[in-house]
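Working notes, beginning with the structure itself.
Laboratory data are not the source of any read-out in this text; all were calculated from the coordinates shown. None of the values given here were measured: they were computed from a predicted structure. A quick note on method: Cβ atoms are made from the backbone with ideal geometry, for glycine too, and the neighbour counts reach across all protein chains shown.
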Amino acid sequence: MSVSAPKLPCVLLTNDDGIDAPGLAVLEEVAHELADEVWVVAPEHDQSGTSHSISLHSPLRVSRRGERRFGVLGTPGDCVVMAVRQLMGDVTPTLVLSGINRGANLGVETMFSGTVGAAMTGLLLGLPSIALSQTFRDREHVRWDTARTLAPDVIRRLAAIAHDAPVCLNVNFPDVDASAAGPLTVTRQGVGLVQGIDVVPLTDPRGIDYHWLRFHRGPRENGPDTETAVVGSGRVSVTPLHFDRTAARTFATLENALAAGA
């Protein structure tokens, strides 16, 4: 980070991989470079796939993990609400950072992502938020050094923009060495790589059936300006997200059809 770059007053960190996840450790290192005050409020356990959910029918238990560091038995969204409305007291974070996720959050998959869900919860509370993910091809060899090297400049640049009007920005780092990564590029969401959701039936040692759900991924048609295409080309993607999911074309079709039948 440039010596002349001003630090952010306060950032809140969370994730969906859990408070002990390596990606969160990387993000903590980055955040301490960028901010005067860093708070960490993250799930006690992996909460991948929980999207924007918050717990309305079960209690939230909190454990102190250090100074300004807490684990919550709940979802990423729970963590953001607990942090802002309870644990941080009178302190309001300048920015919410969610991640760094192990694996990409691209296309329609962002709808299921707890990483993105946490950032969107920050947006719901009126706070600028950034979700960050490190893509990989080999799950056992995630390029954390790429995220660690590139994230400070990416966050610093985007934070200045996000403060003008609270938004949620979805960032994906490519699976290449930091020295080979292309520039930060504004992208559209696109469809991503999810082709469907599979059910895997299994039997436990006691002979009782159980099931795993998993995404089925594969090539799909994504335009050159989508995050999937940009990250695939070795660049860093950033996609601005909002809550309004109204399908404009279908809205017009429905409006015309209903008016014609009135």
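Once a ≥ b ≥ c are taken as the square roots of the eigenvalues of the Cα gyration tensor of region 43-195, is the result rounded (a/c under 1.5), prolate (a/b larger than b/c) or oblate (a/b not larger than b/c)? Taking the square roots of the gyration eigenvalues as a ≥ b ≥ c, region 43-195 is prolate. Which trypsin sites (Lys or Arg not before Pro) in region 1-77 pass both tests, a DSSP loop state and at most 11 other beta-carbon atoms within 10 Å? Here the sparse-neighbourhood loop sites are Arg61. Please state the shape class of the chain: rounded when a/c is under 1.5, otherwise prolate if a/b exceeds b/c and oblate if not, all from the C-alpha gyration tensor. Cα axes put the chain in the rounded bin. Label-to-label distance for Ala180 and Arg85 is 4.6 nm, based on points extended 7 Å past Cα in the beta-carbon direction. Residues in region 104-142, backbone N under 14 Å from the label point at Val200 (7 Å along the Cα-to-beta-carbon vector): list them, ranges by number please. From region 104-142, the list is 139. Counted by neighbouring Cβ atoms within 10 Å, the residues Thr253, Thr75, Thr246 run from fewest to most as Thr246, Thr253, Thr75. As a proxy for reagent exposure, Ser51, Ser179, Ser129, Ser98 were ordered by neighbouring Cβ count within 10 angstrom, fewest first; the result is Ser179, Ser51, Ser129, Ser98. Summed over qualifying helices (DSSP H, 4 residues or more, each -39500 (n - 2.57)) and divided by its residue number, the chain shows a 222 nm mean residue ellipticity of -8000 deg cm²/dmol. With 0.36 nm allotted per residue and the present C-alpha distance subtracted, the Trp212-Asp145 stretch has 21.0 nm of extension available. Here is the list for region 39-133: GluC sites (Glu not before Pro) lying in DSSP coil, each with at most 11 other C-beta atoms within 10 angstrom of its C-beta, are Glu67. For the chain, relative contact order (Cα pairs under 8 Å, six or more residues apart, normalised by length) works out to 17 percent.
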